[in-house]
Amino acid sequence: MVNTTQQQLELLRNQIDAIDEKLLTLVSERATLAEQIGQLKEGILYRPEREAQVLRRIAELNPGPLSNETVLFLFREIMSACLAHERPVSVAFLGPQGTYSEVALLKHFGHAALREDQATLDDVFQSVVAQRTDFGIVPIENSIEGAVGRTLDLLVETPVQICGEVQLRIHHQLLVSSGVGMTDIKEIYAHPQSLAQCRSWIATHLPQAQLIPSASNAEAARTIQQKNNAAAIAGSHAAELYQLDVLAKNIEDSTDNTTRFFVIGHHESSPSGHDKTSLLLVAKNRPGAIHDLLTPLAHHGVSMTRLESRPSQTQLWEYVFFVDIEGHCKDPIVKQALSEISQSALLCRVLGSYPVAPL
């Protein structure tokens, strides 16, 4: 029986070795083809619409048993490595290392991308505007806490294009230095939004702890490295990076806690077949102005997925509106709707059309 089992294991392992050799050969062939494509193209080789099409096709072809999420992760890394073989893209993100912004960057661009951490969202935008990096990645909204106001303001103030989106499920962990237990915790460090997203858990398990806001969860994790009476709320990536223990897992109050990020750059994405368009609208100051702005969308059957208002910062009680719609600005019905909106708006600016985020 033992010999039979050992023989079966040996046979299966030999089969895996043979498959690994085939995989290596195929990945090398893919990299060679990508290199040939790179020689025919100029400028940045990264094309978000093409990558979105590839990933959607892979998800549709996936026979299992691996989940779509796992398969897309594997192919994203292969694509990232092939791109880096020519020239890796550089991406600015809100630092320090270990933030959810960095996790979103890795999910979208893969580990071969060059990551440039920035101190503030303003710095991320400026890095892209000054072309110190090819792209930036910035949080735009959270399913629990709503829009990120500073990102909205910077989309108005800068000439960047939105060329992609990332949706990241947020799982908060309670992190501590080695040896720190629940009864030792007198302080909890975290970004204010994360503290709010874990409000009920904290009230139940650590009601006496002092809540101390941090610029980012990664900064909170870095702060508590040498503290024996404190905890931080951050992600698993930060725990690994700063060598902290996870004292409690997934302490967010909502299981659907998701943050949406924009990829910003100077590149206009071509239609991918499944796109969104983000708009900046300024309405005329008269009765029915908002109705007039949105009527063309309904008339042409263009679905609106988001509407957000923000003070214009130029005139008292004047507002700008951020609108997300389904479709690409070059799609005929979207193009017609935008033309009609422009006739009734003080301003109708396309912030970007981009592929809908995969899983």
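Structure notes:
- Residue check for Asp123: modelled with pLDDT of 95 or more, surrounded by fewer than 19 Cβ atoms within 10 Å (Cβ to Cβ) and not β-branched (Val, Ile, Thr): yes
- Of the residues making up the range 128-164, those that are within 15 Å of Thr259 (Cα to Cα) and in contact with a Pro (Cβ under 8 Å, 6 or more places away or on another chain) are Val148, Thr151, Gly164.
- The conditions of being more than 20 Å from Gln97 (Cα to Cα) and of a type in the set (Lys, Arg) are met by Lys186.
- Wholly within the range 129-217, helices (runs of 4 or more DSSP H) carrying at least 3 residues that are in contact with a strand residue (DSSP E or B) (Cβ under 7 Å, 6 or more places away or on another chain) and surrounded by fewer than 22 Cβ atoms within 10 Å (Cβ to Cβ): 149-157, 192-197
- Among residues of the range 257-288, those that are out of contact with any strand residue (DSSP E or B) (no Cβ under 8 Å at 6 or more places or on another chain), of a type outside the set (Gly, Ala, Ser) and over 23 Å from Ile341 (Cβ atoms), counted: 0
- Qualifying residue in the range 29-38 (condition: more than 26 Å from the chain's Cα centre (by Cα), exposed (fewer than 12 other Cβ atoms within 10 Å of the Cβ), of a type outside the set (A, V, I, L, M) and modelled with pLDDT under 90): yes
- The range 228-243 residues that are farther than 13 Å from Gln173 by Cα, paired with ones that are hydrophobic (A, V, I, L, M, F, W, C) and assigned to a strand (DSSP E or B) (beta carbon under 9 Å, 6 or more apart): Asn228/Val176; Ala230/Val176; Ala230/Ile188; Ala230/Ile212; Tyr242/Leu175; Tyr242/Ala232; Tyr242/Ala234
- Any hit, the range 207-226, residues being within 17 Å of Thr99 (Cβ to Cβ), of a type in the set (Val, Ile, Thr) and within 24 Å of the chain's Cα centre (by Cα): no
- Remark: Ala298 falls outside the filter, which requires a residue to be among the hydrophobic types (A, V, I, L, M, F, W, C) and surrounded by 15 or more Cβ atoms within 10 Å (Cβ to Cβ).
- Candidates Val180, Val148, Val156, filtered to the one that is touching a residue at least 60 places away in the same chain (Cβ under 8 Å) and over 15 Å from Ala231 (Cα atoms): Val156
- The residues on offer are Ser353, Ser278, and the sole one that is part of a strand (DSSP E or B), in contact with a Pro (Cβ under 9 Å, 6 or more places away or on another chain), of a type outside the set (Val, Ile, Thr) and within 20 Å of Val166 (Cβ to Cβ) is Ser353.
- In the range 236-286, of all residues being of a type in the set (S, T, N, Q) and farther than 23 Å from Ile137 by Cα, the one that is surrounded by the fewest Cβ atoms within 10 Å (Cβ to Cβ) corresponds to Thr255.
- Residues that are touching a Lys or Arg at 6+ places or on another chain (Cβ under 9 Å) and in a loop (DSSP other than H, G, I, E, B) within the range 47-80 comprise just one, Arg47.
- Pair list, Cβ under 6 Å, 6 or more apart: the range 67-79 residue closer than 16 Å to Val103 by Cβ, other residue among the β-branched types (Val, Ile, Thr): none
The values are calculated or read from the model by the stated rules, or taken from the named source; none is laboratory data. Computed from a predicted structure; not experimentally measured. Here the Cβ is made from the backbone with ideal geometry for all residues, glycine too, and neighbour counts use every protein chain on show.
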